[in-house]
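Worksheet for the structure shown next.
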Amino acid sequence: MTGSVAAPPFVPVGEPASAEVLDFLFRAYLGRPSAPANVAQLLDERKMTVAQIEEMLRKSPEYRSRGRLLQHGFRGASDGAILMIEPARLFFCPIAKVANTSVKDWALRLSGEGVSNAGSVHHHLDSGRSPMQIRHWPMASVAARMQSPGWARVAILRDPEDRLVSCYWDKFVRNRAQPGVLFHTAPVYRFFHGEEPTAEQVERGLSFRQFCHYINHAPRDAMDPHWAPQYRYLENHRWDRLFTMERIAGFEAFVLSRCPPELQHVRLGLANVAPRHAEPVAGDISDHLPCEMAGMAKPPNAALLSPDIRAFIRDYYALDRVLLAQARADQPE
């Protein structure tokens, strides 16, 4: 393919395309400039949006036979949620139950768009109210920026055992009756009860062992993002740096080092952290039901990780452990 591609214009995909955007997209996908006839037909007559033009080009016979192969595409279910943090020149991959809420809230504050309640950041970003997710921008523009030497792609990883215990305590114990939580957990209840969960079934709850049984037997592609393996978020991209949850201060320092001086006082902070049990919990509570743990603070992980459950997690999330080991090696204490 021949044809140079200019610096990418960043216009939200839902907005009407301009002649500049049209020409950029033609060059990005087809390796040639747009023609005056294209401007007249697509912009003046049909008034197409950026998204419509990009979809038209991707489906065109010319593109499918000899178009430019972009080095980025929305290949996985979570790709569109990657954050573009302009002040730090970073693409950040949010992973559920890995400081997800905290980093999203921080990214908004770094961009001057903080929200009053950190828990609302997910809707704020998903809806496009703050268009930091790459799903809200032309794929060709994102692809060009991802290849820019001034930008980096990063993610944070968490120990799989710690992540799964945290997920269980948040979704199946502490907040199990909340409608927003049931949206994620209803398939697990259906797996055991064969029907939509009743209020009584949710109140009784499921044990950590039952939760692991579900993960072990349900189709991998059916896994909710909160307990899907972390590598599934990362598998379709090249990542410049991987950080670890236990050394999240190193991630914070890295991001701030890339920000202008006037933002380097904006600190990360952690939100949505469950209180820990003050004393060791005697014995194995992996078979306890949530109704039997009412009022209990989050126990140490070991109280839920019986030998067979620990062995299962280490097998099922084996690739996560490989990535975590790599991140630890690249991020010394």
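Taking segment 57-118, which chymotrypsin sites (Phe, Trp or Tyr not before Pro) meet the DSSP loop condition and have no more than 16 other C-beta atoms within 10 Å?
PHE74
Neighbour counts of other C-beta atoms within 10 Å: give me TYR168, TYR189, TYR231 arranged from fewest to most.
Ordered from fewest to most neighbouring Cβ atoms within 10 Å, TYR168, TYR189, TYR231 come out as TYR231, TYR189, TYR168.
Normalise the Debye intensity by I(0) for segment 1-69, one equal point scatterer per Cα, no solvent, then take log10 at q = 0.27, 0.28 Å⁻¹ and round to two decimals.
Each listed q corresponds, in turn, to -1.33, -1.39.
Taking the number of other C-beta atoms within 10 Å as the exposure measure, put ASP105, ASP221, ASP320, ASP308 in order starting with the fewest.
Lowest to highest Cβ neighbour count: ASP221, ASP308, ASP320, ASP105.
Out of LYS171, LYS97, LYS47, any idea which swings most in a Gaussian network model of the chain, alpha carbons joined below 10 Å?
Fluctuation is largest for LYS47.
Pick out which of ARG158, ARG109, ARG321 has the largest mean-square fluctuation in a Gaussian network model of the chain, springs linking Cα atoms closer than 10 Å.
In the Gaussian network model the winner is ARG109.
Please give every one of the lysines within straight-line cross-link reach of LYS298, meaning a C-alpha to C-alpha distance under 17 Å, and leave out same-chain neighbours fewer than 8 residues apart.
Reachable lysines: LYS97, LYS171.
Ranking HIS288, HIS184, HIS217 by Cβ neighbours within 10 Å, fewest first, what do you get?
Listed from fewest to most nearby Cβ atoms, that is HIS217, HIS184, HIS288.
Show me, for segment 136-149, the HN-Hα J-couplings you get by feeding each phi into the Karplus relation (A = 6.51, B = -1.76, C = 1.60, θ = phi - 60°), rounded to Hz, glycine and proline as x.
Along segment 136-149, the couplings run 8, 10, x, 4, 5, 5, 4, 4, 5, 5, 4, 8, 6, x Hz.
Set the Förster distance to 45 Å, then compute FRET efficiency between ASN38 and LEU270 from the Cβ-Cβ distance, nearest 0.05.
0.35
Over segment 1-69, what is the relative contact order in percent, taking alpha-carbon pairs closer than 8 angstrom and at least six residues apart?
39 percent
Can you give me the long-range amide H partners of LEU157? Hydrogens built in the peptide plane at 1.01 Å from N, cutoff under 5 Å, separation of 5 or more residues or another chain.
Here the answer is PHE243, THR244, MET245, since their amide H atoms fall under 5 Å of that of LEU157.
Distance between Cα centroids, segment 14-59 to segment 184-252: provide it in whole Å.
Each part reduced to its Cα centre gives a spacing of 40 Å.
Work out from phi, with θ = phi - 60° and the Karplus expression 6.51 cos²θ - 1.76 cosθ + 1.60, the ³J(HN,Hα) of each residue of segment 220-233, listed in order in whole Hz, and give x for Gly and Pro.
With coefficients 6.51, -1.76 and 1.60, one gets 4, 5, 8, 5, 5, x, 6, 10, 5, x, 5, 5, 5, 5 Hz.
Once phi is turned into ³J(HN,Hα) by the Karplus curve 6.51 cos²θ - 1.76 cosθ + 1.60 with θ = phi - 60°, what whole-Hz value does each residue of segment 201-210 show in order, with x for glycine and proline?
So the Karplus estimates, Gly and Pro as x, are 5, 5, 4, 5, x, 10, 6, 4, 4, 4 Hz.
Select from LEU305, ALA327, ALA199 the residue farthest towards the positive end of the dipole of segment 192-333; place +1 on Cβ of Lys and Arg, -1 on Cβ of Asp and Glu, and compute about the Cα centre.
Checked the options; the winner is ALA327.
Any read-out appearing in this document is the output of simple, stated calculations on the displayed coordinates, not a laboratory observation. Treat the numbers as computed from the prediction; the structure is a model and nothing was measured. Quick reminder, even Gly has a Cβ in these numbers, built from the backbone with ideal geometry, and neighbours come from all protein chains shown.
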